[in-house]
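Here, each number is a calculation from the coordinates, and none is a lab measurement. Keep in mind the model is a prediction, meaning the values are calculated, not measured. Virtual Cβ from ideal backbone geometry, glycine too; neighbours counted across all protein chains shown.
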Amino acid sequence: MDAAIRVTDLAKHYGDLRAVDGVTFEVARGEFFGILGPNGAGKTTTLEIIEGLREADSGEVTTLGVSPWPRNKSLAPRIGVQLQASAFFDRLTAREQLRTFAELYAVSRNRADEMLETVGLTDSRDTRVEKLSGGQAQRLSIACALVHDPELLFLDEPTAALDPQARRNLWDLLRKINSDGRTVVLTTHYMDEAESLCDRVAIMDHGKVLNVDTPSALVRGLDAPTRISVASGHLSADESATIADGNAEIADDGADLTFVTHRPAAVLTALAERSALDGLRVRGATLEDVFLNLTGREYRA
Amino acid sequence: MSSFLSLSKALFRGFLRDKVTIFFTIVFPLMFLVIFGALFSSDSSTTKVEQVGKVQALDSLKAQDPDAYKDLFEVTKTSHKDAALEKVRQGNSDAVVTQDGDQVYIYFSKANPTRAAMVQGTLAGIVNQGNIHTLQAAAPGTRITEVKPTSVEDDSLSSIQYLMPGILGWAVSIAGVFGAASTLVDWRRNKIMRRLRLSPAPIGSVIGARIGLSMVMSMIQLAVFIAVASLPVFGLQLTGSWWMAIPILMVGTLAFLALGMVVGCIAKTGEGASGLGNLIVMPMAFASGTFFPLDQSPAWLQTVSLISPLRYINDALLDVMVRGDGPVSVLPQMGILLGFAVVCGAIAWKMFKWDDL
């Protein structure tokens, strides 16, 4: 089957700034694809080109098998783009808002009401958009992008500024949307979000794609040591050194005694033999480590 | 077509719930109409007079023509001349009148020369009327020349006749310029513009729905203004072709929307748009005869007014609503407005951006 998105050697510059500089990747149909990168990495510009909002300077783009530029009217009903939570008509209620968009896409009002149900806003349907909470507005924004049942959905930092409950809540919704067979492309700053939701992620910086793979392959590829911590004060320095057996670095900050090792099995076994597993925590590398390793740690405004 | 209707519905709903916009496009200009209307209509011809002792001219007028007496004067009789003079000095009364033999004395304050002149003129007129009667009685058949002043305007041409069309035009210009500018800026900033662009709705539907909303708004303004100005307190008298105000306001709305779109393309923020809008609308109001007649303005201002679309609206509205001109007489003004809309629309189209970069 044809790819949902195919981007080859895409480039776009504004003045001297090479916003997108030779980007190539493919998104399969039905895939949940993440694009990660620091601010100004070129994620947004790349997506805007794929959505047909901007023209690329060079390179090839096919979105659902057609070229998105110039504005392709047949593409509009097939893609959904979630925009920031304030992109609503002023002073309409949640339901009026959604019905207006349903009408613009020539789908029935019932479909709009169904979408309200799907995103869990039925109880708030008569609330004006200005009065919705951050999470509700975000869900309405997603409902607006989904009301015409698009094959391909773009989400731009959908959980920014949400509290943890609202985020988990939204993740469930996004998984459901994807499991219905839609292709979903997500940009986010939250590595746990990408790790939890995405089948594959692309990590971008300075207008280039640095790496594309499944989150677990990326993490494995980092070959980072595992950090094994137990409560401090139960093991003597000698015992710790014996457990480490030259395979682990030891750090003790007074609260946690931590072994940093590439051979976690040996350390865990030795700890278990001494019944020293009180307060055990095992932490492997995460996507965040991969991200920081690829994009660097220096602060960027 | 259906996208046009659904957008129109969404915009109109939003408008009806927008108390701030309703205030600034309808209530605020109406306040000007009421204030200016009251200000000018209180400029009545009745003068307040303190009568000290007997004044034959006043007393005989009261006896012979009580209606005229009541129209012209509000007389307070008193015997304390000094107290009466103090009232005039304070501006609480227009003049003190006393009679000593054949001399009628009028004491007035120079602080209000208009009032002073009115009192003098009216009293002199009455006294002379009395003299004429006396002379006629003494020598019947003597030929007398009399002055009969008559206004060229209809008797009903009061200040409201002039004010209402001017302030209505101004109200429509505010609604058009600010409406288009803020819609453009807001929609670009909150990405509604992007949402619409991503939808299959044609751009024509979007623009059409916004124009439609402004047209409806201008018709509401027209209806409210006519209703208020026709109240007995103001007493607006419309002339035959007043209904031509409808097409005039429609082309006027187009011109102001186009102007507002140019503003909205230049401004980056809502504050910027309203600042720039004020910079255009306020001088335009003064240069276009909104609050005072243009022919009383200096020549240079009249020249400047030639480039103001508001001038042509005000002019055309005055023609058909109160001057009694026929429908055809305003076609040139409407043509100019339409031309203005086309030019500004073309500029806006050139400058238009879907997004902030």
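Quick notes on this structure:
- Counting only DSSP beta bridges with both residues in chain A, the antiparallel share comes to about 65 percent.
- Our coupling estimate for segment B:177-186, obtained by passing each phi through the Karplus curve with A = 6.51, B = -1.76, C = 1.60 and θ = phi - 60°, is 5, 5, x, 5, 5, 6, 4, 4, 5, 4 Hz, Gly and Pro reported as x.
- Note on chain B: GNM, Cα springs under 10 Å; of B:G345, B:G141, B:G272, the largest mean-square fluctuation is that of B:G141.
- Looking at segment A:154-301, the pairs of alpha carbons with a distance over 25 Å make up 47% of the total.
- Direction-averaged projected area, Cα convex hull, segment B:199-357: 11.4 nm², rounded to one decimal.
- When only the Cβ of Lys, Arg, Asp and Glu is charged (+1, +1, -1, -1), the dipole of the protein assembly as shown relative to its Cα centre reaches about 1560 debye.
- Evaluating 6.51 cos²θ - 1.76 cosθ + 1.60 at θ = phi - 60° for every residue in segment B:23-34, the Karplus couplings come out as 4, 6, 9, 10, 5, 4, x, 5, 4, 4, 4, 5 Hz, glycine and proline recorded as x.
- Percent of Cα pairs exceeding the 36 Å cut-off, where the set is chain A: 31
- Calculated SAXS-style log₁₀ I(q)/I(0) at q = 0.14, 0.17, 0.23 Å⁻¹ - segment A:13-124, Debye, Cα scatterers: -0.77, -1.02, -1.31
- Cα-based radius of gyration of segment A:139-199 once divided by 2.2 N^0.38 Å, which approximates compact folds: 1.04
- For the protein assembly as shown, with +1 on Lys and Arg beta carbons and -1 on Asp and Glu, the positive-most of B:P247, A:N211, B:A285 along the dipole: B:P247
- With N counted as the residues of segment A:59-174, its alpha-carbon radius of gyration over 2.2 N^0.38 Å works out to 1.08.
- Here chain A is scanned for trypsin sites (Lys or Arg not before Pro) in DSSP loops (not H, G, I, E, B) that have at most 14 other Cβ atoms within 10 Å, and the longest stretch holding none of them is A:74-273.
- The protein assembly as shown: mean projected area of Cα convex hull, nm²: 48.0
- Radius of gyration and maximum dimension Dmax of chain B, Cα, Å: 28.1, 97
- Here the 3J(HN,Hα) profile of segment B:231-239, calculated from phi with Karplus coefficients 6.51, -1.76 and 1.60 at θ = phi - 60°, is 4, x, 4, 9, x, 5, 10, 7, 9 Hz, Gly and Pro shown as x.
- Note on chain B: with a GNM built from Cα contacts shorter than 10 Å, the maximum mean-square fluctuation among B:P327, B:P66, B:P247 falls on B:P66.
- Kirkwood hydrodynamic radius of segment B:1-124, Cα pairs, Å: 18.3
- With a threshold of 23 Å on the Cα-Cα distance, the over-threshold entries among A:K43/B:K191; A:K73/A:K131; B:K48/B:K81 are A:K73/A:K131.
- Amide H to amide H distances under 5 Å link A:L36 with A:A202, A:I203, A:M204, where only residues 5 or more positions off or on other chains count and H is placed in the peptide plane.
- For A:F88, nonlocal amide neighbours, meaning residues 5 or more places apart or on other chains whose placed amide H falls under 5 Å from its own, do not occur.
- Helix B:309-321 axis, angle to chain B major axis (alpha carbon atoms, nearest 10°): 60
- Rounded to 10°, Cα long-axis angle of helix B:113-138 versus longest principal axis of chain B: 40
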